[in-house]
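The numbers here are math on the coordinates, done by the rules we state, and not lab data. What you are looking at is a predicted structure, and each value in this text was computed from that prediction instead of being measured. Cβ sites come from the backbone with ideal geometry, for glycine too, and all protein chains shown count toward neighbours.
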Amino acid sequence: MLGYGKSDQRTAGIHLRLRARAFIFDDGQARVLLVVTELPLPMQNVTDAVLSRLSHSFGETYTAHNTLITTTHTHSAPGGYCGNLLYNLTTSGFRPATFGAIVDGIVEAATYAHHDLAPAEVTLSQGELRNASINRSPTAFDRNPPDDKSFFPDRIDPQTTLVRIDRGDRTVGAIHFFATHGTSMNNRNHLISSDNKGYAAYHWERDVEGADYLSGQPDFIAAFAQTNPGDISPHVERNSHEGVADPTDNGFENTRVVGLSQFEDAVELLDDGKPIGDGVDSRLTYVDLSNVEVRGEFTPDGQPHRTGRPMISAAMMAGTDDGAGFAGFRQGRNPFWDKVSGAVYQRAAALGSTQSPKGIVVPAGLINRMTPFISEIVPVQLLRIGRLYLIGIPGEPTIMSGLRLRRTVASIVGAELADVLCVGYSNAYIHYVTTPEEYLEQRYEGGSTLFGRWELPALMQTVAGLAEAMRDGRPATTGQGPIRKKPLSWVRTPPPDTGSFGTVITEPSASYRPGDVVEVVFDSAHPGNDLRRNDTYLEVQRRAGEEWVQVANDGDWSTRFEWARLGRAGSRVTIRWDTPDDTTPGTYRIVHHGTARGPNGSLLPFTGKTREFTVG
């Protein structure tokens, strides 16, 4: 799995399916494509592949300039899709099947949106949400100047923003922006999950609007996007003594409660919107963050500075309060690594001026000379939809970093600050973005600011150039994008499956009451043989006359699909259905779909069905 960087956190089933939701805004002269994906990290190789595929279908309609692909940053998703080695180290390298499924899903979402273009009214509203986030690095935040800190008195960014899309008297889409990390599910979880933002979208589309994901596109699409949650955690239970919500430290419950908070905020904002305004526009540039001369107007001390080659620190290796990293490292000071790095800084003044006081562990820039390890040349983007400006940053800005980027753009284009959002996790990935003051604390976020203390000022300078170009109606200097190389892979093909595929090992009881848990076990095969995208590994079916009607599948909150290896080549699948309290009384059964791979590589689909049982 990707998110926590744990090699022992391997996918073993599904709790919530991951989805991509695409929105196109066209004013008759220009258009922008915004895709919100339920993934851990944005990756340049994914963005490039999506744009290449779209170009085959739509020519130059969708380009790097006018397409923003952002992720919700769930930490409970498959890894191995990245173009940089660092993020594939815990997944046995690059995994083509995972990469292909991700690209296919994003392309399909964008294609649906393209063919669904129609006149619409778009409104924009803002609110505040204070029970779904806490600051996980308060000592770093407190290093910022008093005037800046006063903007966020609770050390969180409570602003929520809702874009509502109506066709006639029907709302067909909504995009909700809010800063909270996708870490409700902890690093001991092994089930694929879209985490709190995914649950918010699922609840609105499926529970409230009644979408049937397997029968086609929903009539209403809800996306819950990130802004700048670099130092923000969803684990508000840590502040329960201060009177905020306490969803407990249970990952599933935290996912539900924090997701529900975002959904409820979005619904409250639905009727508060005002027309978003006319026109759409976009600008993009590629910047080599390892080599930026930053002008004094963007630095706290008013002096020019430089960024440097990416360096991985001891604090980054330590992990966060949301998920511990490697033993022997800690956030803040690491005496051994600090001493070694300090000696290096004395001999290499240029390195010290960019990276000090970071305790360097891995000189990632040197590894990049041998193999693509970490991105250095990355896209920075600015989109305008009416009066809403979206700053596409390929990393994880802290709330104060986001504020400074927003202020930079707002001051140039003359927008209200609330109408300018910093959208992290966009198009590519560079890890964290902290303010120069926060960097000095060398918490996880500062230690993960790879290009040194002046990374944020470099990005501020870059977005200023984009904002000036957009204000003046001229193109921005695009620059040279990164050169892509084939990622390394050492994935081994699983052995041919063995077993009595589809046989029920554990049958359900004869009857249950609403609220009970139904749990059954099947003899199965490796689920990676067929990812069953836009399909399901399980069905909960209710008898309706002579037919069986599906009431839940593996993308539903009430179900869990758990896979385990049995011996060398056998598989067991456990399917759990938490019967909702409002379950319709009747006769039910559980169905499992799978695909077995034979010795010659042939694929054999199979289906298993349990005996009937009643709920009532």
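Structure data summary
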read-out	value
For region 1-54 and region 63-120, distance of Cα centres in Å	3 Å
Antiparallel bridges, percent of DSSP beta bridges restricted to the chain (to nearest 5)	80 percent
Per-residue HN-Hα couplings for region 505-515 [Karplus 6.51, -1.76, 1.60; θ = phi - 60°; Hz; x = Gly/Pro]	8, 10, 7, x, 5, 6, 8, 9, 9, x, x
Those residues of region 265-294 whose amide nitrogen sits under 20 Å from the label point placed on D26, 7 Å along Cα→Cβ	276-283
Pairwise label distance in nanometres, A544 with S411, each label 7 Å out on the Cα-Cβ vector	6.0 nm
Cβ-derived FRET efficiency at R0 30 Å, D535 paired with E612, nearest 0.05	0.80
Sites Q217 and S55 - FRET efficiency at Förster radius 22 Å, r taken between beta-carbons, to 0.05	0.45
Length gained when the stretch D288-T63 is fully extended (0.36 nm per residue, less Cα-Cα span)	79.0 nm
Whole-Hz couplings from phi, Karplus 6.51/-1.76/1.60, listed for region 183-200; x for Gly and Pro	10, 4, 7, 7, 7, 9, 7, 10, 9, 4, 8, 8, 6, 5, 5, x, 5, 4
Ordering of 439-447, 157-165 by packing [mean C-beta count within 10 Å, highest first]	439-447, 157-165
Proximal lysines to K339, defined as alpha-carbon separation beneath 23 angstrom and excluding residues fewer than eight positions away on the same chain	K358
Per-residue ³J(HN,Hα) for region 126-135, Karplus 6.51 cos²θ - 1.76 cosθ + 1.60, θ = phi - 60°, Hz, x for Gly and Pro	10, x, 9, 10, 10, 10, 10, 6, 9, 8
Cα centroid separation, region 384-416 to region 476-540 (Å)	39 Å
